[in-house]
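Rule-based calculations on the coordinates, nothing more; no lab input. Note that this is a predicted model, so its numbers are computed, not measured. No Cβ is skipped: glycine too gets one built from the backbone with ideal geometry, and neighbour counts run over all protein chains shown.
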Amino acid sequence: MSARKPYIRSMDAWWLRDSFFVRYMLREATALFVVAYALVLLAGVVCLARGPTAYQAWLRILATPWSIALHVVLLLVFLYHTWSWFRIMPKTMSLILPSGKHLSPALVTTAGLLAAALLCIGLFLAVRL
Amino acid sequence: MTDEPRKIRIDVLRYRPEQDKEPVWEEFTVPFTDDMSVLQGLQYIKDELDGTLSFRWSCRMAICGSCGMMIGGEPKLGCKTFLRDYYPYGLRVEPLAHFPIERDLVVGVEDFIGKLETITPYLVPREARTLEEGEYLQTPAQLEQFLQFSSCINCMLCYAACPQYGLDPHFTGPGLLALLHRYNADSRDGASAERMQLVHAEEGVWSCTAVGYCSEVCPKGVDPANAVNQNKTASAMDYFLRFVAPKGTDK
């Protein structure tokens, strides 16, 4: 008779086991904030469809101190979200060019962040002008 | 040197299936020198303090991949980790996470070996050649496409770093997907269409959520997260290209 009795450890609270996992969960949790802001924008679109009074009311809500505080929090979370997004971008592509040369992961991340920043600035200017 | 050797506390998670219901911590005090690895610390325990302690080891130089264990909570090779780095606080040594414990620091590897057999981990020549036709030639650039991924020593540290494997052991896992990519990315190989069937499956690359810890813990500088995630692109391309090309693509 076999004396084997393999013991399987629990995965409860696995994400607290290592600081790397905590950072990973934070990165994933930022998606919830993206959903929250999408709902804010969706409410704006619905109000716009309902007419000028509803749209003005939505704009007034956006200008309240609570809303501004929420937007500051959302902005900070979005910055982390963007940074974490581009940080894993090098993992999603071949870093070895057909010539056999290696691309540096940091270069890919920096290029992604720069492109995102330029697009945002361009969009902001296009809306303001 | 006449100095008394320093002493360090090593807490080992023990499990003796014939007597323990669950793993228990046991404390040992080990004299050590600056050049002693954690593996040597365990060997001291086995030789001098408690001969019943079980652990796997072989080469002592980070090439056989036998002595993977959790050291200070992180997946590491016992032979490549030094006791001096944990002085004076001491260290905790546990069997590799996410694998069933057989005894003390020995884990069950049947699942890993079983999957290893399914990925066709060898070259299947793209075209048959006779001896007279000579060897299969490859340029340095073609070699670079897979060289990094061929450094895997099957130590399974990346599996202990992968919560997705811990939560669902059906996942093929980082190391084997990196090894699979090593053969698929080889210009001489002709079996990538078969291997891609494993990649496409939910237990293939799609179980990965890009935690990325696998690449951090690899003792040989392999980047399994890169192999897995670039194959998500390949798998998605294959899915969409079948509408254009009737047989899809190989990669």
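Counting, for every residue in B:105-115, the Cβ atoms of other protein chains within 10 Å of its Cβ and taking the mean gives 1. For chain B, set up a GNM with springs between Cα atoms under 10 Å and report which of B:Asp223, B:Asp34, B:Asp168 has the largest fluctuation. Largest GNM mean-square fluctuation: B:Asp34. Entry note, segment A:74-118: relative contact order of 39 percent, from Cα contacts under 8 Å with a spacing of 6+ residues. Along segment B:43-54 the Karplus relation, 6.51 cos²θ - 1.76 cosθ + 1.60 evaluated at θ = phi - 60°, assigns HN-Hα couplings of 5, 4, 4, 5, 6, 10, 10, 8, x, 8, 5, 10 Hz to successive residues, with x for each Gly and Pro.
Estimated from helices alone, the mean residue ellipticity of the protein assembly as shown at 222 nm is -14000 deg cm²/dmol (sum of -39500 (n - 2.57) over DSSP H runs with n ≥ 4, per residue).
With Cβ to Cβ distances under 15 Å as the rule, what net charge do the other residues near A:Ala43 carry (K, R +1; D, E -1)? All intermediate terms of the calculation are to be shown ahead of the outcome.
Working: positive: A:Arg50, A:Arg60; negative: none.
Result for the neighbourhood of A:Ala43: +2.
Computed about the Cα centre, the dipole magnitude for segment B:110-241 is approximately 220 debye when only Lys and Arg (+1) and Asp and Glu (-1) carry charge, each at its Cβ. Considering only B:Leu83, B:Phe55, B:Asn226, the residue lying farthest towards the positive end of the dipole of chain B is B:Asn226, judged by Cα position with unit charges set on Cβ.
Charged side chains reduced to their Cβ positions (Lys and Arg at +1, Asp and Glu at -1) give the protein assembly as shown a dipole of some 1380 debye around its Cα centre.
Loop only by DSSP, 13 or fewer other Cβ within 10 Å of the Cβ. Give me the trypsin sites (Lys or Arg not before Pro) in segment B:1-99 that pass, ordered by residue number.
Answer in residue order: B:Lys21.
In this structure, A:Ile68 and B:Leu241 have a Cβ-Cβ separation that, at R0 = 35 Å, corresponds to a calculated FRET efficiency of about 0.15. Comparing Cα centroids, segment B:91-142 and segment A:42-91 end up 48 angstrom apart.
Farthest towards the positive end of the charge dipole of segment B:110-241, among the residues B:Gln145, B:Met196, B:Leu123, is the Cα of B:Gln145, using unit charges on the Cβ of Lys, Arg, Asp and Glu.
Using the beta-carbon distance between B:Asp168 and A:Gln56 and R0 = 41 Å, what value does 1/(1 + (r/R0)^6) give for FRET efficiency, to the nearest 0.05? Calculated transfer efficiency: 0.20. The distance linking segment B:1-35 with segment B:192-230 is 35 Å (Cα centroid to Cα centroid, whole angstrom).
Pick out which of B:Gly51, B:Gly78, B:Gly134 has the largest mean-square fluctuation in a Gaussian network model of chain B, springs linking Cα atoms closer than 10 Å. Fluctuation is largest for B:Gly134.
Among all stretches of chain B without exposed chymotrypsin sites (Phe, Trp or Tyr not before Pro) (DSSP loop, at most 11 other Cβ atoms within 10 Å), which one is longest? Don't skip to the answer; put the middle values down first.
Working: sites that count: B:Tyr89, B:Tyr122, B:Phe243.
Longest run free of exposed loop sites: B:123-242.
Restricting the trypsin sites (Lys or Arg not before Pro) of segment A:31-129 to loop positions (DSSP other than H, G, I, E, B) with no more than 16 neighbouring Cβ atoms within 10 Å leaves A:Lys101.
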